[in-house]
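Here the structure comes first, spelled out in structure tokens, and everything after it is commentary.
The values are calculated or read from the model by the stated rules, or taken from the named source; none is laboratory data. Remember, predicted model here, so these are calculated numbers, not experimental data. Virtual Cβ from ideal backbone geometry, glycine too; neighbours counted across all protein chains shown. Surface accessibility is based on the protein's heavy atoms, side chains included, excluding ligands, DNA and RNA. Shrake-Rupley method; radii C 1.70, N 1.55, O 1.52, S 1.80 Å.
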Amino acid sequence: QVQLVESGGGLVQAGGSLRLSCAASGRTFSSYRMGWFRQAPGKEREFVAAISWSGGSTHYADSVKGRFTISRDNARNTAYLQMSSLKPEDTAVYYCAAQPGGSYYPRSRYDYWGQGTQVTVSS
């Protein structure tokens, strides 16, 4: 079992930045690849970014490429999502998730999920 807790969400103006954190507890954090997903009202939960076990490989949705950066600190059992140049369309609940392996993109491949943190970007 892995427990995930997100933090760092909030209200920000368009063009601003936020850093989300995902603190993990339970089984060995470095055994899991980490992903960030988001869900806007009335929409499906969608892939945002993912990172490999060591952090050497990262993947992004086209909509956030160049603006968001995913990272992890295995010594602190924490994953991060640095979000810059935020747009109103980035408004959503952001979830972190963990998987032992497989494709990064489908949410069905992730075994553990946090409770989510709200990000609201005003225009």
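Which loop trypsin sites (Lys or Arg not before Pro) in the stretch 19-118, with loop taken from DSSP, have no more than 14 other Cβ atoms within 10 angstrom of their Cβ? Can you show the working numbers first?
Working: sites: Arg19, Arg27, Arg33, Arg38, Lys43, Arg45, Lys65, Arg67, Arg72, Arg76, Arg107, Arg109; in loops: Arg27, Lys43, Arg45, Lys65, Arg67, Arg76.
For trypsin sites (Lys or Arg not before Pro) across the stretch 19-118 that sit outside H, G, I, E and B with at most 14 neighbouring Cβ atoms in 10 Å, the list reads Arg27, Lys43, Lys65, Arg76.
Between Arg67 and Ser25, what is the spin-label point distance in nm, taking each point 7 Å from the Cα along the Cα→C-beta axis?
Once both label points are built, they end up 3.4 nm from each other.
Excluding Pro100 itself, calculate the net charge of residues whose Cβ lies under 11 Å from the Cβ of Pro100, where each Lys or Arg counts +1 and each Asp or Glu counts -1. Before the final figure, lay out each step's value.
Details: positive: Arg27, Arg33, Arg109; negative: Asp111.
Summing Lys/Arg as +1 and Asp/Glu as -1 gives +2.
Please list, in order along the stretch 69-75, the HN-Hα scalar couplings obtained from phi with the Karplus expression 6.51 cos²θ - 1.76 cosθ + 1.60 (θ = phi - 60°), rounded to whole Hz, x for Gly and Pro.
9, 9, 8, 8, 10, 5, 5
Around Ala79, under 14 Å between beta carbons, what's the net of Lys plus Arg minus Asp minus Glu among the other residues? Before the final figure, lay out the partial values.
Values: positive: Arg19, Arg33, Arg72, Arg76; negative: Glu6, Asp73.
Around Ala79, the surrounding residues sum to +2.
If you count the DSSP beta bridges with both ends in the chain, what percent of them are antiparallel, to the nearest 5?
Values: 38 of 42 bridges.
Around 90 percent antiparallel, to the nearest 5.
On the accessible surface of the stretch 1-91, probed at 1.4 Å, how many percent belong to carbon and sulfur atoms?
Taking all protein chains in place, the stretch 1-91 shows 45 percent carbon and sulfur surface.
So what are the ³J(HN,Hα) numbers for the stretch 100-105, from phi and the Karplus equation (6.51, -1.76, 1.60; θ = phi - 60°), rounded to whole Hz, Gly and Pro as x?
So the J values, rounded to whole Hz, are x, x, x, 4, 6, 8.
Given a 1.4 Å probe, how much area per residue of the stretch 1-62 is accessible, in Å²? Don't jump to the answer; show the numbers that get you there.
Values: 3160 Å² over 62 residues.
Averaged over the residues of the stretch 1-62, the accessible area is 51 Å².
Considering amide H positions built from the backbone, and no H for Pro or chain starts, which residues 5 or more places from Gly16, or on another chain, come under 5 Å of its amide H?
Leu86
Roughly how many whole Å is it from the C-alpha centroid of the stretch 1-45 to that of the stretch 49-123?
Taking the Cα centre of each part, the stretch 1-45 and the stretch 49-123 sit 6 Å apart.
Residues with beta-carbon under 10 Å from that of Gln1, excluding Gln1: net charge, scoring Lys, Arg +1 and Asp, Glu -1?
The answer is 0.
With the crude spin-label approximation of a point 7 Å out along Cα→Cβ, what separation in nm comes out for Leu11 versus Gln39?
A separation of 2.4 nm, rounded to one decimal place.
Where in the stretch 1-87 are there chymotrypsin sites (Phe, Trp or Tyr not before Pro) that are in a DSSP coil and have at most 14 other Cβ atoms within 10 angstrom of their Cβ? Could you put the intermediate results ahead of the total?
Details: sites: Phe29, Tyr32, Trp36, Phe37, Phe47, Trp53, Tyr60, Phe68, Tyr80; in loops: Tyr32, Trp53.
Filter output for the stretch 1-87: empty list.
Just to check, using Stokes-Einstein with a Kirkwood Rh over alpha carbon pairs, what's the diffusion coefficient of the chain at 4 °C and 1.567 mPa s in µm²/s? Show your work: numbers first, answer last.
Details: Rh = 14.1 Å.
In µm²/s, the coefficient rounds to 92.
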